[in-house]
Amino acid sequence: MPALKTLGMLILALVVVSLFLIGWKFSQDLKDLKGAREAVLTIDIYVREVLASGNFKVVNIEIPGGYTIEFEDNQICLGKSRLPEGGYQFQIVGPALGPGHHELMIKIENDLILVTEWTSNKY
């Protein structure tokens with residue numbers, strides 16, 4: 001009988017630890033998704049400022065692992081999500097941005113919204 005109780009406690013412990021690990025992984029995935037969405041929203045805010053003022057802006061963003069931000073037609077793309085819903089008045093052009101820290105320059109040139117990696121000694 002004591003062996004069955006010990007086995008039962010061991011199985012219960014394994015189930016609890018497994019549920020904890022699954023929950024922790026899920027919360028990390030949600031945190032990463034939130035960070036990626038915040039990066040897209042930050043770019044959107046700065047694009048709108050550039051469109052309103054005509055001046056270039058420099059923005060720092062952090063993209064979590066597993067996510068890539070791309071620019072297609074007149075929208076910012078994060079997977080299947082696109083922002084803004086109706087698109088910008090000009091086409092937005094820029095490199096695909098993978099995980100990590102990015103310092104970006106956003107400007108309007110020849111009726112295009114240009115997003116480029118910023119290097120302060122370049123300009």
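Could you figure out which of (1) at pLDDT 90 or above; (2) under 20 Å from Leu104 (Cα atoms) isn't true of Gly65?
All conditions are met except number (1).
Considering only region 6-55, state which residues are surrounded by fewer than 12 Cβ atoms within 10 Å (Cβ to Cβ) and among the basic types (Lys, Arg).
Lys25, Lys31, Lys34
Condition first: surrounded by 15 or more Cβ atoms within 10 Å (Cβ to Cβ) and farther than 27 Å from Lys25 by Cα. Now tell me which residues in region 56-73 satisfy that.
Those that are surrounded by 15 or more Cβ atoms within 10 Å (Cβ to Cβ) and farther than 27 Å from Lys25 by Cα: Phe56, Lys57, Val59, Phe71.
For region 59-81, which residues satisfy the criterion of being more than 8 Å from the chain's Cα centre (by Cα) and farther than 13 Å from His101 by Cα? Before the answer, list the steps.
Initially, region 59-81 is screened for residues more than 8 Å from the chain's Cα centre (by Cα), giving 59-61, 65-66, 70-77, 79-81.
Once the filter is applied, which keeps residues that are more than 8 Å from the chain's Cα centre (by Cα) and farther than 13 Å from His101 by Cα, region 59-81 yields Gly66, Glu70, Phe71, Glu72, Asp73, Asn74, Gln75, Ile76, Cys77, Gly79, Lys80, Ser81.
Looking only at region 1-24, count every residue that is of a type in the set (Ser, Thr, Tyr) and more than 40 Å from the chain's Cα centre (by Cα) and tell me the total.
Here the count works out to 1.
Which one is surrounded by the most Cβ atoms within 10 Å (Cβ to Cβ), of the residues in region 110-123 that are part of a loop (DSSP other than H, G, I, E, B) and at pLDDT 90 or above?
Asp111
Tell me, which residue of region 74-95 that is touching a Lys or Arg at 6+ places or on another chain (Cβ under 9 Å) and exposed (fewer than 15 other Cβ atoms within 10 Å of the Cβ) is farthest from Ile106 (Cα to Cα)?
Across region 74-95, the extreme among qualifying residues is Ser81.
From Asp29, Asp44, which residue is at pLDDT below 90 and under 20 Å from Pro99 (Cβ atoms)?
Details: Asp44 fails: at pLDDT below 90.
Every option except Asp29 fails the conditions.
The values are calculated or read from the model by the stated rules, or taken from the named source; none is laboratory data. In this text, all values refer to a predicted model and were calculated from it rather than measured experimentally. Note that we place each Cβ from the backbone using ideal geometry, even for glycine, and neighbour counts take in every protein chain shown.
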